[in-house]
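**Student:** Sharing a structure with you now.
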């Protein structure tokens, strides 16, 4: 069974630009979450989608947005990039629907560098 | 607000030297406590989920335990390939969300 895939794996952008990251969950998984990982803050929750609906959102500015498509694939967008947005962006998927089977499996991440 | 604190921040062991990593947490209703392993430049790799105090799970040289306030990841006779950052996360019961709150991790180095 294929794991979570994220594209692209690496991105270099300049301040003020915008970026779109993509995530394809494990086949059959309908829940997708996004996290930002930096050396100083660790892993921080960005948002979560289930059946094309945003179910929860973390404490990030409105420049960070996302969406989920009918095939469960998800994208996140960051507009007006700032230097502090440089991070590893991780996507995780889970088979939401059973209280016990809620393990989240992570993709390899997209390394974003803002210059 | 849910919080997770991991200790120590870094741990160096000799091959075969057993030890434990600690994860202290506060959460308004625990749905699950998760352990992940992360290698440099990669995404976290799922290890265990623990759901209630007293629960234990094992996988090869790793054993995770859970109490009402903390979890331990015991590493028995570690090998150099166990070197990685180990992350602990909690998932609360509020709002039906799958949000994970992570600790900063423990960076484990096992020397041959």
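**Student:** Please verify whether the stretch B:26-37 includes one or more residues that are more than 18 Å from residue B:104 (Cβ to Cβ) and facing chain A (nearest Cβ under 10 Å).
**Tutor:** Yes, some residue in the stretch B:26-37 is more than 18 Å from residue B:104 (Cβ to Cβ) and facing chain A (nearest Cβ under 10 Å).
**Student:** Looking only at residues in the stretch A:93-115 that are more than 8 Å from chain B (Cβ to nearest Cβ) and buried (at least 18 other Cβ atoms within 10 Å of the Cβ), which one is modelled with the lowest pLDDT?
**Tutor:** Here the answer is A:93.
**Student:** Please find, among A:43, A:88, the residue that is within 14 Å of another protein chain (Cβ to nearest Cβ), within 14 Å of the chain's Cα centre (by Cα), in contact (Cβ under 8 Å) with a residue 40 or more places away in the chain and surrounded by fewer than 22 Cβ atoms within 10 Å (Cβ to Cβ).
**Tutor:** Checking each option against the conditions leaves just A:88.
**Student:** Take the residues in the stretch A:70-83 that are touching a residue at least 12 places away in the same chain (Cβ under 8 Å) and surrounded by fewer than 13 Cβ atoms within 10 Å (Cβ to Cβ), then tell me which one is farthest from residue B:34 (Cα to Cα).
**Tutor:** Of everything passing the filter in the stretch A:70-83, A:80 is farthest from residue B:34 (Cα to Cα).
**Student:** So how many residues does the stretch A:52-85 have that are touching a helix residue (DSSP H, G or I) at 6+ places or on another chain (Cβ under 8 Å), within 24 Å of residue A:39 (Cβ to Cβ) and within 14 Å of chain B (Cβ to nearest Cβ)?
**Tutor:** The qualifying residues number 0.
**Student:** May I pose another question? List every residue pair whose Cβ atoms lie under 8 Å apart, where the two residues are 6 or more positions apart in sequence or sit on different chains, the first residue falls within the stretch B:94-110 and is under 17 Å from residue A:91 (Cβ atoms), and the second residue, located anywhere, is assigned to a loop (DSSP other than H, G, I, E, B).
**Tutor:** If the second residue must be assigned to a loop (DSSP other than H, G, I, E, B), the pairs left are B:98/A:96; B:98/A:102; B:98/A:104; B:99/A:58; B:100/A:104.
**Student:** Looking at (1) surrounded by 15 or more Cβ atoms within 10 Å (Cβ to Cβ); (2) within 30 Å of residue A:6 (Cα to Cα), which is the one condition that is false for residue B:55?
**Tutor:** Result: residue B:55 fails condition (2) only.
**Student:** Given the conditions (1) touching a helix residue (DSSP H, G or I) at 6+ places or on another chain (Cβ under 9 Å); (2) surrounded by 15 or more Cβ atoms within 10 Å (Cβ to Cβ), which single one is not true for residue B:29?
**Tutor:** The single condition residue B:29 does not satisfy is (2).
Okay, residues lined up against (1) in contact with a strand residue (DSSP E or B) (Cβ under 8 Å, 6 or more places away or on another chain); (2) in a strand (DSSP E or B); (3) crowded, with 20+ Cβ neighbours inside 10 Å; (4) at pLDDT below 95:
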position: B:35; (1), (2), (3), (4): yes, yes, yes, no
position: B:48; (1), (2), (3), (4): yes, yes, yes, yes
position: B:68; (1), (2), (3), (4): no, no, no, yes
position: B:74; (1), (2), (3), (4): yes, yes, no, no
position: B:78; (1), (2), (3), (4): yes, no, yes, no
position: B:86; (1), (2), (3), (4): yes, yes, yes, no
position: B:98; (1), (2), (3), (4): yes, no, yes, yes
position: B:104; (1), (2), (3), (4): yes, no, no, no
position: B:107; (1), (2), (3), (4): yes, yes, no, no
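**Student:** In the stretch A:1-40, what residues are under 19 Å from residue A:60 (Cα atoms), out of contact with any strand residue (DSSP E or B) (no Cβ under 7 Å at 6 or more places or on another chain) and touching a residue at least 40 places away in the same chain (Cβ under 8 Å)?
**Tutor:** Once the filter is applied, which keeps residues that are under 19 Å from residue A:60 (Cα atoms), out of contact with any strand residue (DSSP E or B) (no Cβ under 7 Å at 6 or more places or on another chain) and touching a residue at least 40 places away in the same chain (Cβ under 8 Å), the stretch A:1-40 yields A:16, A:17.
The values are calculated or read from the model by the stated rules, or taken from the named source; none is laboratory data. Everything quoted here is computed from the prediction, not taken from an experiment. Cβ sites come from the backbone with ideal geometry, for glycine too, and all protein chains shown count toward neighbours.
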